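The values are calculated or read from the model by the stated rules, or taken from the named source; none is laboratory data. Owing to the predicted nature of the structure, the values given are computational and were not obtained by experimental measurement. In this analysis, Cβ positions are derived from the backbone assuming ideal geometry, glycine residues included, and neighbour counts consider all displayed protein chains. The protein model used for the area step is the full one, side chains on, heavy atoms only, and it has no ligands, DNA or RNA in it. Shrake-Rupley method; radii C 1.70, N 1.55, O 1.52, S 1.80 Å.
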Amino acid sequence: MSETQTTADVDSEPAETSDQQSFLSVFARTVRNDRLALVGTIGLGITIFVAVFGPFVLPHDPTATNLDQMNQAPSFVHPFGTDRYGRDILARVALGARTSLIVAFVGVAVAAGVGVTLGAIAGYYEGLLGEGIMRFADTIFSFPALLLALAMVAIMGQNWYNVIIAVGVVYWPIFARITRGSVLSVKDEEFVQAARSIGESDFRIIGSEILPNITAPIIVQGTISMAVAILLESALSFLGLGVPPPDPSWGRMLADSRQFMTHAPWWTIAPGLAIMFTVLNLNFVGDALRDALDPHQGDEMEATR
Amino acid sequence: MSHDRNVETARIETERDQSNPPQQLLDISDLSVTFPSQEGPVEAVTDVSLSIEPGETVGLVGESGSGKSVTAATILGLLEESARIDGSVEFDDQQLLTKTDDELREIRGDRISMIFQETGSSLNPVLTVGDQISETIRTHRSIPNEGISRLETSVLGNLLRSKSHPTNYERSWEQTVELFERVGIPAPEQRALEYPHEYSGGMKQRAMIAMAISCRPDLLIADEPTTALDVTIEAQILDLIDEVQAEFDTAVLFITHDMGVVNEICDRVAVMYAGRVVERAPTDELFAHPKHPYTQALLDSIPSLEGGQTLDPLAGQVPDPTDKPPGCPFGPRCPSATACCDARFPPEYPVTTADEPLPVREGGDDDVPSPRRNDPTGHAVHCVLYGSGDGLAPRRSPSDEDRQNADRGRPETDGGEP
Amino acid sequence: MNANDSQESTPESVGGTEPILEVRDLEKYFRVNEGVLASLVGATQYVRAVDGVSLTLAEGETFGLVGESGCGKSTLARTLLRLEEPTGGSITFRGTELTTLSDRELRPIRSEIQFIHQDPSSSLNPRKRIGDILRRPLELHRDLDETERAAEIRSLLDRVGLDPGMRHRYPHELSGGQKQRVEIARAISVNPSFIVADEPTSALDVTVQAQILELITEIQEEYDLTLVFISHDLRTIRYITDRVGVMYLGELVEVAPTGTIFDEPAHPYTQSLLSAVPEIGGSETAQIRLEGQPPDPIDTPSGCRFHTRCPLAQEACSAVEPESAFVSSDHQYRCHFTDPNTRTGTIGEPTDAAPDRIEDTGPEVSND
């Protein structure tokens, strides 16, 4: 009994250095040392905050029209002005952030899920199966991203799900490629052989031996893909095939504002800046993650010796 | 090249007059090297003194983390900027540590050259091996100088050379082929035209030696040159280094972890442990009468080819470089460590083959014993067991159990070689 | 641990002890990718990493495999464990033919045969704690509940001389020697009867190497293991093995009890390999230096593979492939100079033995 007790106690004691912590601390150090990384992290934090809480705290209803206040220039009441229906642009940009981030995040998650799975299979089973998967990925990859997404949404119908699926379909090949490359480099490591020599199944080998060792490039690619996915979603919306109205979207705001660009430029500038701000910050964070996850920086001891 | 002549005279003097202390070619004294790190400064090399006479082979032997490679890199000024270096490194009476990069470059490759364990990264993969070596020869002008103006050695000369003096290139190429032949590369004319990836490990090492001796250096630093090679190839390369050394009268600083290689090639040996030289001796004497407990343990750890022996391995491992013991770094693993070993690193005690270690007696003080003799014997050891006196105090608290557990619980960060 | 324990390498002559592993004519060829053009023309080239190796291992013995890099000793080891698929031959483990088993059928046998890797820094998954690394084999092969498993992990760590608290650490926090101890703990965790150790000490410092050799010896006795110990270091081989096989270019060129190999090596390659080892202490003996380096394994020499470097080589050596010949019942080697009288001629003093004596050894030839 007491034996059980001690075992449980000792086993549950948190280890002094977990990988998670060391990754976070390395990331924190990168952010401290690299100003762009700091800017990106704060900027992204603001975007996420606005997307989550903006619509609750901002005074104006993003969908409420007010014909008395059409095309108002930025003022104290409407910091970003109003559009031609008198809707508050700040509120619409904040809600648009939600749309963009959800589409980008879920879309990229779908892409990563499909791409990592197929890429891992293609890397582990190099033969015909792997070749087949990669040639299929190459085929998808060879279409221009926007065209493929447009065609898919046009055929399948314009709704949230299809926009997200389109993002997933367009971006999975890049994840498949990156995963396959990493799997190829890890699978000949001796610890993978060791797992095989104790009779571990292929599924467990891929899932618990190989994948945990290749998360770094996938996370970095995920961040960068999110930036690209935001641009793709905006482009789809701009062309009228994004998330359907009335949900606001930065791309559609840009499209709607085109004819008023000369006398209500704020209407164009606000969503444009929002897109730029988010994409730029995502890229900064992606670069910072790349630095933080770089295996050559992980082992400081080795570097100094 | 006036210093060349100086060395030449020095060599002749050495040969003629054995009674006078010979002039040192390389004289390292009290060298310490400290690297900054996340966990605070790491002292990789501590108070290392070492000298090499012209034409002799000195071995620097130790396990990983002993600081032997850092010592070599310091001589050539190859350490990273952030390293703090104290002490002095004199080469042919010139202080190397204060030299600028340009001055060092002049010396490197011309008077001191180096061969490495990793031949792969020392050769440029996109140039033929012959090109790289003839380039070295041209840069250091060791071709007979007739008809070569000062202009030619300048940057402008580099541009003009191939056109105005095609013979220069040809001459260096001829010399490369000769060198290839000298180091035993078969079909030298053809191999010189090949790229590094077409060479095997042993051949690359031969080519590196050819490059290293192309300028007839006074000192050759060999950093584990045979570690990556098979025994049969290793034997060939060791023979080659031996031959080349005899022929060019080059001094060799041979860095290795392999006692067998040391025995094969070195005249004198310095044994390093955790950044310190713990024992120095003529090779034969070191193998026949190792004095320092570490040297003894090191030799006892090597299985013999005759068989029929049981190993008595030394427990524990090399101390963490960020957390070295204040006294003798070998103390925690030493079977005969005493109280004063834990307090400070012992001074150097000259010894002779007949010297026995002091017995450990009960009680007594922590004073460091004084040397038994003052005259240098060529064999010296940093261990209090070889001081004078009638005994040493046993160590107070740390028990045998601690020592045995030294390799068990401690988090360790020791890795490969620097 | 002495030479008397060892068994003869022909299955017919194995006496009282059952052989634990029998390898017959094992082949592992790797295809060399020569590009699209070559595959169109059909000129596929192969690296013959393991080429017709036959071997019988007796229960409880320590067999050493020695050879230069690229001789195929590591490939042989991995093929024995079916980590590489053999391209020919058979491997029989306690009467079970391994080469024809599917991965699934092989799984229960995996616990019987374990592997110790050369490089402890890459053989432990850097993302897993030591405890998790050791837990997995226990889950797969031992019927224990969680409490028993935890206790077993601690006792395993203790057995290999590590503090049980180490199970919370990650591999990068351990030194090379400690990692190799974990590697050994993993191997013995499933109670194997057969362990293949591929250069387990060559990445370690000399003093640590001695510790690990000691540990392996202890573990072997304690678990009654049959051990295949691969090394390029002849000193280690001498220390730990009962019987040695010398490999050259994918072939076993000499097999004999350890004492015999070191004291009376018969094959010229073994002789030169031994003479290349730097002496420690003792006087330097006359040394045989091999010229050149091992030939390209894609384009192996005709006849005797060693003839390009062999100081004894005669014309016929390049034409006729030598058969395995026996000096005594447990000493076998592959060379044309098989006559006991000429065999004693060492390389230093060339004999005029003609290789036309091959026929004389006819009845003793064991394999093709």
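If I go through segment C:92-119 residue by residue, how many of them are part of a strand (DSSP E or B) and touching a helix residue (DSSP H, G or I) at 6+ places or on another chain (Cβ under 6 Å)?
Within segment C:92-119, residues that are part of a strand (DSSP E or B) and touching a helix residue (DSSP H, G or I) at 6+ places or on another chain (Cβ under 6 Å) number 3.
Picking from C:GLY131, C:GLY88, C:GLY72, which residue would you name as being within 12 Å of another protein chain (Cβ to nearest Cβ) and farther than 20 Å from C:SER193 by Cα?
Exactly one residue qualifies, and that residue is C:GLY131.
Can you pull out the residues in segment A:148-162 that are open to solvent by 30 Å² or more (accessible area, probe 1.4 Å), touching a residue at least 24 places away in the same chain (Cβ under 8 Å) and in a helix (DSSP H, G or I)?
A:LEU150, A:ALA154, A:TRP160
Looking only at segment C:46-61, decide whether some residue is surrounded by fewer than 17 Cβ atoms within 10 Å (Cβ to Cβ) and without any contact (Cβ under 8 Å) to a residue 40 or more places away in the chain.
The answer is no; no qualifying residue exists.
Restricting to segment C:167-178, name every residue that is surrounded by fewer than 24 Cβ atoms within 10 Å (Cβ to Cβ) and either facing chain B (nearest Cβ under 9 Å) or under 29 Å from the mean Cα position of the chain (by Cα) (or both).
Result: C:ARG169, C:PRO171, C:HIS172, C:GLU173, C:GLY176.
Quick one: is B:ALA207 crowded, with 23+ Cβ neighbours inside 10 Å, in contact with a strand residue (DSSP E or B) (Cβ under 8 Å, 6 or more places away or on another chain) and among the hydrophobic types (A, V, I, L, M, F, W, C)?
no
Tell me, which helices (runs of 4 or more DSSP H) lie completely within segment B:45-145 with 2 or more residues that are open to solvent by less than 30 Å² (accessible area, probe 1.4 Å)?
Hits in segment B:45-145: B:68-75, B:101-107, B:129-139.
So in segment A:209-228, with the set limited to residues that are of a type in the set (Gly, Ala, Ser) and over 28 Å from C:ASP132 (Cα atoms), which one is surrounded by the most Cβ atoms within 10 Å (Cβ to Cβ)?
Looking at the filtered set, the residue picked out is A:SER225.
Taking the residues in segment C:263-273 that are within 14 Å of C:GLN332 (Cα to Cα) and more than 16 Å from the chain's Cα centre (by Cα) as candidates, determine which candidate is nearest to the other protein chains (Cβ to nearest Cβ).
Taking the candidates together, the pick is C:TYR269.
Taking segment C:274-313, which residues are under 15 Å from B:VAL261 (Cα atoms), at pLDDT below 75 and under 23 Å from the mean Cα position of the chain (by Cα)?
Hits for segment C:274-313: nothing passes.
Among the residues of segment C:177-209, write down those that are over 25 Å from A:GLY199 (Cα atoms) and assigned to a helix (DSSP H, G or I).
C:GLY177, C:VAL206, C:THR207, C:VAL208, C:GLN209, listed by residue number.
At least 1 residues that are at pLDDT 85 or above and not β-branched (Val, Ile, Thr) in each: list the helices (runs of 4 or more DSSP H) lying fully within segment A:244-301 that qualify.
Once the helices (runs of 4 or more DSSP H) in segment A:244-301 are filtered for at least 1 residues that are at pLDDT 85 or above and not β-branched (Val, Ile, Thr), what remains is A:250-257, A:265-293.
I'd like the full set of residues that are of a type outside the set (A, V, I, L, M) and crowded, with 19+ Cβ neighbours inside 10 Å, limited to segment A:61-97.
Selection gives A:PRO62, A:GLN72, A:HIS78, A:PHE80, A:GLY81, A:THR82, A:ASP83, A:ARG87, A:ASP88, A:ARG92, A:GLY96.
Conditions: (1) open to solvent by 40 Å² or more (accessible area, probe 1.4 Å); (2) facing chain A (nearest Cβ under 10 Å); (3) basic (Lys, Arg). C:ARG142 meets all but one. Number of the miss?
(2)
Mind listing just one residue for me: the one in segment C:97-119 that is more than 18 Å from the chain's Cα centre (by Cα), of a type in the set (S, T, N, Q) and open to solvent by 30 Å² or more (accessible area, probe 1.4 Å) and, of those, nearest to C:THR79 (Cα to Cα)?
Among residues in segment C:97-119 that are more than 18 Å from the chain's Cα centre (by Cα), of a type in the set (S, T, N, Q) and open to solvent by 30 Å² or more (accessible area, probe 1.4 Å), the one nearest to C:THR79 (Cα to Cα) is C:THR99.
Among the candidates C:VAL208, C:VAL228, C:VAL244, C:VAL255, single out the residue that is touching a residue at least 24 places away in the same chain (Cβ under 8 Å), crowded, with 19+ Cβ neighbours inside 10 Å and within 7 Å of chain B (Cβ to nearest Cβ).
C:VAL208
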